[in-house]
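Shown next, in structure tokens, is the structure this report addresses.
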Amino acid sequence: MLKGLLAISGQSGLFKMVAESKNSIIVESLDTQKRIPVYSTTKVSALEDIAIYTESGDVPLKKVFKSIHEKEDGGAALSPKSSGTELKSYFEKVLPEYDKDRVYVSDIKKVLLWYNTLHEKSLLDFTEEEENDSQTEETKSESE
């Protein structure tokens, strides 16, 4: 679901990788569809590699998105422009054990902004993950 989606330091919004060249990658903005080169000196984060700090370890971003998706019955999340108090309260409902000392309001804003962007572009698809979960359950019950 999050494969190929990138957050780029200094750029707003999300990008998908479309090509590689010798010393850069070419990315396309999900918002504007404009393509730009990104060089190796730029900090690029793959969404599938991002996790949120919790009291008991890290939770992958995909699981946080799934939790928001379930809370909102497939709808959009709270606006990232809401007040800090509202954002913290909302995030606590989505991920109750998130580490309040290490996850800042700015992080919550980014997560909600990214979720809403992916929701708007119909790029949130949890069916693949559900199939994997049910296969894992079947494997566990067969081995017992």
List, please: which pairs have Cβ atoms under 9 Å, are six or more places apart or on different chains, and start with a residue in segment 45-71 that is touching a residue at least 24 places away in the same chain (Cβ under 8 Å) and buried (at least 16 other Cβ atoms within 10 Å of the Cβ) and end with one that is polar (S, T, N, Q) and assigned to a helix (DSSP H, G or I)? Val59/Ser67
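Every residue, every condition in (1) under 21 Å from Leu6 (Cβ atoms); (2) of a type outside the set (Lys, Arg); (3) out of contact with any Leu (no Cβ under 9 Å at 6 or more places or on another chain), yes or no:
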site: Ser21; (1), (2), (3): yes, yes, yes
site: Ser45; (1), (2), (3): yes, yes, no
site: Glu55; (1), (2), (3): no, yes, yes
site: Val64; (1), (2), (3): yes, yes, no
site: Tyr98; (1), (2), (3): no, yes, yes
site: Asp101; (1), (2), (3): no, yes, yes
site: Ser106; (1), (2), (3): yes, yes, yes
So, in segment 28-58, how many residues would count as being farther than 30 Å from Arg102 by Cα and aliphatic (A, V, I, L, M)? 1
Considering only residues of segment 32-44 that are among the β-branched types (Val, Ile, Thr) and part of a loop (DSSP other than H, G, I, E, B), which is surrounded by the fewest Cβ atoms within 10 Å (Cβ to Cβ)? Thr41
Can you tell me which residue among Lys100, Lys140 is surrounded by fewer than 17 Cβ atoms within 10 Å (Cβ to Cβ), on the phi < 0 side of the Ramachandran plot and at pLDDT 90 or above? Lys100
For segment 75-87, which residues satisfy the criterion of being surrounded by fewer than 16 Cβ atoms within 10 Å (Cβ to Cβ) and not hydroxyl-bearing (Ser, Thr, Tyr)? Gly75, Ala76, Lys81, Gly84, Glu86
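The values are calculated or read from the model by the stated rules, or taken from the named source; none is laboratory data. Not measured: the values here are computed from a predicted model. Quick reminder, even Gly has a Cβ in these numbers, built from the backbone with ideal geometry, and neighbours come from all protein chains shown.
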